[in-house]
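Worksheet: one structure, shown below.
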Amino acid sequence: MVCPTTASSAERVSPDARSPLALRLVRLSKRYPAGDLALSDVSLSVPPGQVLGLIGPSGAGKSTLIRCINRLVEPTSGQVFLGPARPGSPAPDEIELSALGRRGLRRARRRIGMIFQEFALVERLTVMENVLSGRLGYVPFWRSWLRRFPPADIANAYRLLDRVGLAEHADKRADALSGGQRQRVGITRALAQEPDLLLVDEPTASLDPKTSRQIMRLLREVCAEANRADDTGRGSGPGSGRGLAAIVNIHDVALAQQFMMRIVGLRAGRIVYDGPPDGLSPEVLTQIYGEEDWGSTTEDAGHSGGAPERHPAGATQHHPGPEPPTDQSMAGAL
Amino acid sequence: MNRHEPRASSRQAVSPAQKAAHQPANQQPQANARWRRHTPRRELIGWLAWLLLVLLFLVCWELMTRDQIWAFVWDAPRQAGDLFSRMVPPRWSYLDQLWRPLWDTLNIATLGTLIALVIALPIAFLAARNTSPSVAFLRPLALLVIVASRSVNALIWALLLVTILGPGLLAGVIAIALRSIGFIGKLLYEAIEEIDPQQVEAVRATGAGPVQVLDYAIMPQVLPAFAGIAVFRWDINIREATVLGLVGAGGIGLQLKASVDTLAWPQVTLIFIVILATVLVSEWISAEARKRLI
Amino acid sequence: MKTDRSSDAPSSASRAGMDVSPDWPTCWRRPPLISDRRLRWLLILATLSYGLLALASIDVNWARAADGWERGLRFIGGFASPDFSSRWRDISTGLVESLTMTFTATVAGILLSVPIGIGAARNLAPLPIYLGCRAIIAISRSLQEIIVAILFVAMVGFGPLAGFLTLAFATIGFLAKLLGEDIEEIDKAQADAVRATGASWWQVLDYGVKPQVMPRLIGLSLYRLDINFRESSVIGIVGAGGIGATLNTALDRYEYDSAAAILLLIILIVLATEYSSSWIRRRLQ
């Protein structure tokens with residue numbers, strides 16, 4: 001279903017064809033039954049170890065993109081390739097996620113950790129059960145039913161919990177934890193899968209600014225640690241590491257700029273920016289977020305303000321005098 | 001936030017005041033001195049709906065009381081006084097003969113609830129849109145079972161079963177179970193449909209199989225609801241079981257019927273008191289249990 | 001903040017991968033629901049022995065049950081060929097009685113429930129009124145509809161008026177209780193905000209409480225309409241009018257095909273009211 005030009009364009013994204021990619025999206029599109037096109041022709045390559053930030057206005061298709069990768073949302077067309085399981089092994093190991101059957105998909109999902117905005121912990125299970133649920137794809141049904149996981153899994157769960165500072169909370173119920181703690185459990189669950197790729201959906205949207213930064217730092221650290229486990233190069237710069245790659249949906253531009261290695265800007269289902277964090281100029285941000293959503297700011301930035309007239313008179317009243325906090329945080333990032 | 005929810009269609013028989021304030025789309029930005037909650041048209045429809053409701057009530061009342069002998073109604077206070085004077089004082093000595101029927105009543109309710117739980121659990125999973133293996137075929141079937149069970153009162157089930165199985169506790173237990181399947185099944189499948197889909201998504205994203213998703217993401221979320229519904233229904237069943245004896249299905253209702261039939265009103269009073277006490281105790285137990293579960 | 005451990009935790013020490021240092025526990029059990037071991041076993045034992053005793057208390061007359069087998073089959077056969085026609089006059093009067101008393105009793109019940117429900121909310125009503133309203137609710141809830149119907153039949157005679165009174169009374173116990181609990185659970189801040197403007201008790205009720213409980217009250221009222229119809233089909237057994245009396249007669253005469261027809265009608269009507277009420281409730285939300 002993919003024409004040859006597509007394949008070559010995907011290769012152009014990653015010039016070094018010999019180094020296997022952690023993830024490759026080829027002309028991915030998603031149209032919801034309601035008719036709206038959430039993604040159109042998204043092609044993207046993520047090398048191992050890269051922590052990629054996905055920014056864009058709400059409704060731009062960020063969540064859809066992430067969910068199309070592990071097919072919690074079925075893409076309408078296009079292909080998704082997950083890189084080889086062991087970093088450094090030859091490229092033929094790459095599997096096409098979008099072509100897998102139900103069993104194969106479950107197998108592949110084990111290698112993709114997912115972290116959610118609202119943490120998505122099973123609230124009434126203990127922290128330990130939540131972490132161990134990351135192993136569900138690996139253990140036979142009876143083990144998971146009786147909660148008798150293999151000793152190595154349990155020891156690893158304790159180690160990971162200790163790593164994120166929650167070892168003593170293992171027997172607590174997940175809903176007894178604070179937001180930051182819950183997100184740590186969410187990260188731990190994803191890490192318990194021993195993933196090759198992390199899909200992170202707005203990890204900080206439900207957290208306060210301080211906790212948000214801690215969570216982002218933790219994410220960067222665990223990705224980097226996974227890199228060190230496989231790679232001897234210590235000071236691995238952005239994109240050069242191997243191992244745990246991550247795609248992070250994030251709405252806070254300042255946070256994205258500080259913690260991400262690469263930024264992809266999405267608007268109306270299309271990639272409109274792909275580059276380093278410091279390339280996010282005001283023009284680029286306008287391009288990503290559009291004039292409508294940034295009413296007064298875009299006018300300040302010297303853009304022709306044709307947008308407000310397209311709105312009913314009432315709409316501009318939503319943005320009165322003082323700038324909303326997101327504007328300020330973005331201004332700080334500029 | 002509730003204020004914006006009742007976005008009622010104006011066609012319904014609802015008070016216009018219930019509808020949250022929405023600015024009409026054509027509202028002018030300049031100052032408007034005459035603020036009305038609804039457009040005049042909508043207000044009119046609201047009033048018409050009220051009028052219709054009142055008319056319907058009057059028609060129904062007329063139909064219902066067509067054959068009513070009003071002399072009986074005017075006589076009612078005297079009848080009530082007469083009844084009351086015969087009912088007090090209760091015959092306390094009769095209490096000795098009530099312990100066994102009371103125990104039977106409790107058993108009917110408990111066993112009936114247990115049977116219903118076992119049957120209702122799979123039915124609820126079949127009926128819930130997000131867990132049903134076949135939305136096209138099995139789901140309507142499960143819903144039909146639930147509706148059929150719910151629409152028929154336990155007393156009617158008992159009436160049927162007594163003609164089939166003969167009088168006794170077994171008819172009562174089965175009647176209670178048959179009625180409870182629908183109740184538990186309905187509440188449970190609604191609880192299943194209301195679970196947080198993200199938690200399910202998260203467990204599914206780890207590569208878990210469908211049964212593991214059920215075990216790790218769905219059951220933990222519905223288990224409290226399940227237990228709460230079970231205790232709630234048990235409490236209702238105690239109440240229902242007290243009257244099943246009226247049609248011969250065992251329990252304290254048998255004594256009630258015998259006493260009413262022989263016009264032994266002091267005994268009836270005592271039975272009422274015993275039923276009231278049982279129901280209050282079971283309600284207290286159920287409320288306490290549900291409080292702990294949350 | 002106690003939870004900020006990860007930022008201080010050494011980030012270089014641990015390695016990802018399956019090589020696990022031996023000092024981490026390799027065994028984990030979910031903490032049991034009841035932590036006290038002896039209490040746990042005591043409860044299990046008590047439950048088991050109750051179950052056995054309860055089962056033992058049901059003595060089944062198997063001979064009688066076997067007799068009934070044939071009747072049971074005939075009844076199921078009745079569902080296959082329900083007879084609507086031969087008793088249609090009785091059935092239609094019964095249905096009209098059931099439907100009219102359901103509707104009137106629900107309306108009357110709602111009108112009575114609203115003041116009692118407000119009185120049963122501790123955050124709105126003073127203690128004496130609260131206790132009074134709660135007492136009414138408790139009596140209404142703990143008396144079975146059938147028992148109430150027996151009393152009302154004794155007072156106003158046979159017929160749907162007794163049924164109307166019964167259902168209206170039963171509606172209070174249901175609706176007023178849930179309404180009272182709803183009011184007690186409202187978002188206090190909204191009511192306080194209205195009170196802070198200097199609003200009177202009635203105005204607080206109108207602006208601070210009503211918007212919060214109204215959608216649910218409508219939903220519950222429609223739900224109660226369903227329940228009342230279902231109840232109206234049984235209170236006929238003790239003479240309070242409605243389809244139940246017709247059904248009882250049919251069963252007494254072993255006319256299973258007519259009984260099946262009545263049951264099917266009840267189920268259909270319940271289905272119809274349920275669908276329409278859930279449709280209305282959806283529209284309201």
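Points worth noting:
- Selection status of A:GLY241, surrounded by 24 or more Cβ atoms within 10 Å (Cβ to Cβ), modelled with pLDDT under 85 and either more than 8 Å from chain C (Cβ to nearest Cβ) or closer than 30 Å to A:PRO282 by Cβ (or both): yes
- For C:LEU220, the requirement of being within 22 Å of C:LEU111 (Cβ to Cβ) and buried (at least 17 other Cβ atoms within 10 Å of the Cβ) is met.
- Output for segment B:235-251, where each listed residue is within 11 Å of another protein chain (Cβ to nearest Cβ) and assigned to a helix (DSSP H, G or I): B:ASP235, B:ILE236, B:ILE238, B:ARG239, B:GLU240, B:ALA241, B:THR242, B:VAL243, B:LEU244, B:GLY245, B:LEU246, B:VAL247
Conditions tested, residue by residue: (1) at pLDDT below 85; (2) not assigned by TED's automatic domain parsing to the domain that holds B:LEU263.
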site	(1), (2)
B:GLN12	yes, yes
B:GLN27	yes, yes
B:ARG41	yes, yes
B:TRP50	no, yes
B:ALA71	yes, yes
B:LEU102	no, no
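- Residue list for segment B:84-115, filter: closer than 15 Å to B:PHE272 by Cα, within 11 Å of another protein chain (Cβ to nearest Cβ) and among the aromatic types (Phe, Trp, Tyr): B:PHE84
- Extreme residue, nearest to the other protein chains (Cβ to nearest Cβ), among residues of segment B:131-162 that are part of a loop (DSSP other than H, G, I, E, B) and buried (at least 18 other Cβ atoms within 10 Å of the Cβ): B:ASN153
- If the condition is being in a helix (DSSP H, G or I) and either exposed (fewer than 15 other Cβ atoms within 10 Å of the Cβ) or more than 10 Å from every other protein chain (Cβ to nearest Cβ) (or both), then segment B:69-82 contributes B:TRP70, B:ALA71, B:TRP74, B:PRO77, B:ARG78, B:GLY81, B:ASP82.
- There is at least one residue in segment C:225-245 that is more than 26 Å from B:GLY182 (Cα to Cα) and more than 10 Å from chain B (Cβ to nearest Cβ).
- Restricting attention to segment C:141-167 and to residues that are crowded, with 24+ Cβ neighbours inside 10 Å, touching a Gly at 6+ places or on another chain (Cβ under 6 Å) and on the phi < 0 side of the Ramachandran plot, the residue that is modelled with the highest pLDDT turns out to be C:GLY163.
- Helices (runs of 4 or more DSSP H) completely within segment A:90-200 that count 2 or more residues being facing another protein chain (nearest Cβ under 9 Å) and either of a type in the set (A, V, I, L, M) or closer than 24 Å to A:ILE66 by Cα (or both): A:102-109, A:127-132, A:151-163, A:179-192
- Filter result for the condition that a residue is more than 14 Å from chain A (Cβ to nearest Cβ), among the aromatic types (Phe, Trp, Tyr) and within 30 Å of B:ILE164 (Cβ to Cβ), over C:TRP41, C:TRP62: C:TRP62
- With a requirement of 3 or more residues that are within 14 Å of another protein chain (Cβ to nearest Cβ) and hydroxyl-bearing (Ser, Thr, Tyr), the helices (runs of 4 or more DSSP H) lying completely within segment C:83-169 that satisfy it span C:88-119.
- Within segment C:180-212, considering residues that are small (Gly, Ala, Ser) and farther than 15 Å from C:ILE118 by Cβ, the one surrounded by the fewest Cβ atoms within 10 Å (Cβ to Cβ): C:GLY198
- Enumeration of residues in segment A:255-294 that are under 20 Å from A:VAL26 (Cβ atoms) and of a type in the set (A, V, I, L, M, F, W, C): A:VAL264, A:LEU266, A:ALA268, A:ILE271, A:VAL272
- Screening the candidates C:VAL194, C:VAL213, C:VAL209, C:VAL204 for the property of being at negative phi, at the interface with chain B (Cβ under 10 Å from one of its Cβ atoms) and part of a helix (DSSP H, G or I) yields one hit, C:VAL213.
- Taken over segment C:266-281, the criterion of being more than 10 Å from chain B (Cβ to nearest Cβ) and either polar (S, T, N, Q) or closer than 17 Å to C:GLU97 by Cα (or both) is satisfied by C:SER276, C:SER277, C:SER278.
The values are calculated or read from the model by the stated rules, or taken from the named source; none is laboratory data. As the structure is a prediction and not an experimental result, all values here were calculated from the model. Glycine also receives a Cβ, built like all others from the backbone with ideal geometry; neighbour counts cover every protein chain displayed.
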